[in-house]
Amino acid sequence: MHVAATPICPKLRNVLVIDDHPLFCEALSMTLRNGLAVDRISVANNLQDALFQLQGGLSPDVILLDLNLPDVDGLDGLVRLKMARPDTPVVVVSSLSENAMITMVMREGAAGFIPKDSPKDTITQAFATIWNGGSYTPDDYVAPDESMMQKDNRDAVARLVTLTPQQSCILRLICEGKLNKQIAYDLSIAETTVKAHMTAILRKLGVHSRTQAVLVAQQARFDTILNTGILD
């Protein structure tokens with residue numbers, strides 16, 4: 001007599017995958033169905049589509065998010081998803097698996113980080129850990145030393161205090177996941193002005209992308225700094 005195996009993650013029935021690589025989505029969906037007995041897998045190729053599905057009534061048990069999407073930059077997608085669905089676990093599945101990135105992803109509220117090249121067994125193990133209330137990071141991930149984190153935080157604060165009030169405001173909106181066009185509308189300025197400020201922000205922070213700027217801001221707990229008036 002054949003006895004059906006008990007699912008690794010009972011009651012995990014609905015997963016939203018946000019990734020713009022069809023082959024990876026197909027492979028991941030197969031792993032979720034075969035390894036975790038997930039009934040329904042919804043796919044979004046960009047963040048806007050994912051948010052549209054969520055606003056339309058989709059209620060996933062878990063969200064899987066790639067950091068490299070066509071309409072977001074770095075942690076922007078994670079920030080906006082956590083704002084939209086604060087009680088839904090978001091698991092980042094990305095090829096950007098450097099220690100610093102994993103640290104920032106976890107500090108931003110992700111339930112776990114799974115490298116894209118992980119084998120199927122690792123993915124099922126990660127889901128089991130997260131579904132049982134834990135968080136998952138790769139075995140080779142090394143949490144930063146507390147004293148080193150404090151030094152990095154001080155360095156980040158020192159760079160942030162060089163920003164003008166307008167640049168600080170723009171960086172805060174970037175951390176909220178807003179695009180240049182949205183920032184221009186919110187601040188009633190031209191989009192070219194936002195781009196000019198963005199260039200200056202990157203230069204002052206010593207970084208080369210919006211993603212890295214967000215990482216610096218998160219490292220220094222930017223909102224806390226703003227609220228205490230250090231940047232005024």
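Values in this text are rule-based calculations from the coordinates and carry no lab data. The structure displayed is predicted, hence computed values, not measured ones. Because the Cβ atoms are built from the backbone with ideal geometry, glycine has one as well, and the counts that use them run over all protein chains shown.
Between residue 95 and residue 140, the modelled label-to-label distance comes to 1.6 nm, taking each label 7 Å out from Cα in the direction of the beta carbon. Dipole magnitude for segment 51-146: about 360 debye, using +1 per Lys or Arg Cβ and -1 per Asp or Glu Cβ, origin at the Cα centre. Cβ-Cβ distance of residue 125 and residue 185, R₀ of 45 Å, FRET efficiency by 1/(1 + (r/R0)^6): the value works out to about 0.55. Approximating the spin labels as points 7 Å out from Cα along Cα→Cβ, the residue 107-to-residue 199 distance works out to 3.0 nm. Rounded to the nearest whole angstrom, the semi-axes of the ellipsoid equivalent to segment 14-131, taken from the Cα gyration tensor as √(5λ), stand at 18, 17, 14, largest first. For the peptides 19-28, 131-140, the ranking by mean Cβ contacts within 10 Å, running from highest to lowest, is 19-28, 131-140. Which entries of 120/178; 82/181; 116/195; 11/82; 181/204; 11/120 have Cα-Cα distances beyond 26 Å here? Flagged as over cut-off: 120/178; 116/195. Using all pairs of distinct alpha-carbon atoms, the Kirkwood hydrodynamic radius of segment 80-122 works out to 11.0 angstrom.
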